[in-house]
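Here is the structure we will look at, set down as structure tokens.
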Amino acid sequence: MKNYKLDFPIFENNPGLVYLDNAASAQKPGYVIDGIKHFLEHDYANIHRGAYNLSEKSEELYENSKKKVAEFIKASSWQEINYTYNSTYAFNLLTSSFKKSGILKKWDKVLLSIVEHHANIVPWLILKEEIGIEVDFVNVDKDYNLDLDDLKNKLDSSVKVVSLTYVSNVTGVIFDLERVALTLTLSQRERGLNEKPIFILDASQAVPHFRVDIEKINCDFMIFTAHKVMADTGLGVLYWKKELLKKLTPAWWGGWSINWVRKEEFSPSWLPFRFEPGTPNITWAVSLLKALEYIEQIWGYEEIEKKEKELVKYFLEKLEKFKWKIELIWSYKLDNRIWVFTFHIAWMNSSDIADIMAENKICVRAGHHCTEPLMDNCWVKTTFRVSLYFYNDLEDIDKFFDVLEKKILI
Ligand SMILES: Cc1ncc(COP(=O)(O)O)c(C=O)c1O
């Protein structure tokens with residue numbers, strides 16, 4: 001196996017570090033760090049309306065970043081890509097724009113899954129409070145796949161939005177979204193409805209691990225957060241279909257989202273900048289461009305998936321020995337998953353486990369992982385989560401199990 005850690009300076013600067021918290025945020029390769037430095041040293045200026053060379057170069061890189069995202073997810077144009085600050089902000093931007101545009105009204109229903117991250121729950125609960133929409137949750141089956149029968153049963157004519165994660169940040173299970181899209185189409189036909197519910201996808205845990213194909217999934221909106229895919233923090237991506245963009249009124253205005261302003265009124269600018277008021281995060285847009293270029297350089301998602309599969313297999317084999325002492329909450333399956341494992345040890349506090357791991361230079365995360373409705377459903381309050389990325393190696397897994405065996409399960 002190629003040693004990808006060599007591409008990431010954090011490992012050289014922290015000898016012995018075992019970083020198993022990748023679902024929270026990924027480390028940055030030298031290529032991204034150097035790319036940001038190069039941009040700030042050579043090409044930085046504010047974008048939009050600058051006639052000089054530097055501003056044009058900066059703007060070109062900002063657009064190139066969106067073009068690369070569009071190419072990666074197969075969007076039809078880079079103008080369908082909006083930048084926000086993170087996934088949470090993207091959801092809030094979307095829900096407040098839905099409210100402002102009158103797309104959702106009292107008693108309209110939004111369907112989520114029970115495994116959603118709070119980022120895809122709280123903004124809808126705010127609309128429930130503010131305009132009286134209903135929010136309901138679709139269950140998962142025994143393997144933690146989305147329960148399509150439950151989805152079908154809940155898809156009545158009041159459902160205006162279905163908003164789902166692609167992959168749970170706790171179970172690691174990948175939902176079969178092509179079947180979800182088909183279910184939405186069939187249900188619309190069976191019920192003789194004019195319109196399908198708006199389909200929103202939270203791809204925050206998917207984009208770092210495998211190719212997300214918008215064409216195949218046919219969703220209306222897709223959201224992810226750049227720091228989980230090796231770019232820096234402070235940048236979220238919101239893809240939306242152009243036709244829908246025209247129907248939406250932004251929740252906030254200013255800067256490049258405005259064409260002209262008089263004392264009494266203003267006129268909106270052209271799409272898609274209407275949804276990016278003020279100076280955008282240009283440097284972090286460049287960092288995302290560099291992160292996606294880095295994925296291309298290492299032979300793309302094929303390489304990431306291959307490497308992660310080997311690691312999952314090795315991890316599950318090692319776990320066999322401890323199965324009777326430790327409860328892996330959620331899937332033991334090898335396929336259809338990303339490298340996230342969440343555990344519960346009934347007789348021990350998960351924060352204490354994370355502390356012991358930390359004392360041994362192993363980074364894991366304890367808590368509810370911003371998925372409290374899921375935790376409530378499973379009757380657990382907190383768990384500890386181990387999440388790898390392609391730059392981890394077998395030695396990291398050995399060290400984790402070694403500490404688990406000798407210092408925790410004693
Ligand atoms: C599935 C999922 N959605 C949304 C988010 C929120 O991402 P951010 O904190 O960057 O907004 C996370 C972060 O862990 C996540 O795992």
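Quick note: the coordinates plus some simple rules give every number you see, no bench work behind them. If you're wondering where the values come from, they're calculated on a predicted model, not measured in any experiment. Ideal geometry is used to build each Cβ from the backbone, glycine not excepted, and the neighbour counts take in all protein chains shown.
Summary table
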{"read-out": "Spatial separation of Cα centroids for the range 230-285 and the range 147-170, in angstrom", "value": "29 Å"}
{"read-out": "Cα→Cβ-extended label distance, 7 Å offset, between Leu125 and Glu405, nm", "value": "4.2 nm"}
{"read-out": "Rounded FRET efficiency, nearest 0.05, which uses the C-beta distance separating Arg262 from Val135 and R0 of 41 Å", "value": "0.50"}
{"read-out": "Other-chain or far-sequence residues with amide H under 5 Å of Asn82's (modelled H)", "value": "Leu238, Tyr239, Trp240"}
{"read-out": "Value at 222 nm in deg cm²/dmol, rounded to 500, when DSSP H runs of n ≥ 4 in the chain each add -39,500 (n - 2.57)", "value": "-11500 deg cm²/dmol"}
{"read-out": "Model label zone, Lys142; criterion: amide N under 20 Å from point 7 Å along Cα-to-beta-carbon; scope the range 174-217", "value": "174-176"}
{"read-out": "Label-point separation, Glu395 to Glu63 (7 Å along Cα→Cβ), nm", "value": "4.6 nm"}
{"read-out": "Bridge type composition, the range 33-295 - antiparallel percent by DSSP, nearest 5", "value": "45 percent"}
{"read-out": "The chain: C-alpha gyration tensor shape, a/c 1.5 cut-off, then a/b vs b/c", "value": "oblate"}
{"read-out": "Contour minus Cα-Cα distance for Trp253 and Thr279 (0.36 nm per residue)", "value": "8.2 nm"}
{"read-out": "Amide N proximity, the range 382-410 versus Trp324 label position 7 Å along Cα-to-Cβ, cut-off under 12 Å", "value": "none"}
{"read-out": "Links that overshoot a 22 Å alpha carbon limit, given the list Lys106/Lys247; Lys66/Lys99; Lys109/Lys216; Lys37/Lys361; Lys325/Lys399; Lys246/Lys290", "value": "Lys66/Lys99; Lys109/Lys216; Lys37/Lys361; Lys246/Lys290"}
{"read-out": "Estimated inter-spin distance, Lys246 and Glu317, nm [label 7 Å along Cα→Cβ]", "value": "5.6 nm"}
{"read-out": "Computed lengthening from Lys106 to Glu215, 0.36 nm per intervening residue step minus Cα-Cα distance", "value": "36.1 nm"}
{"read-out": "Residues His48, His369, sorted so that the one with the fewest Cβ neighbours within 10 Å comes first", "value": "His48, His369"}
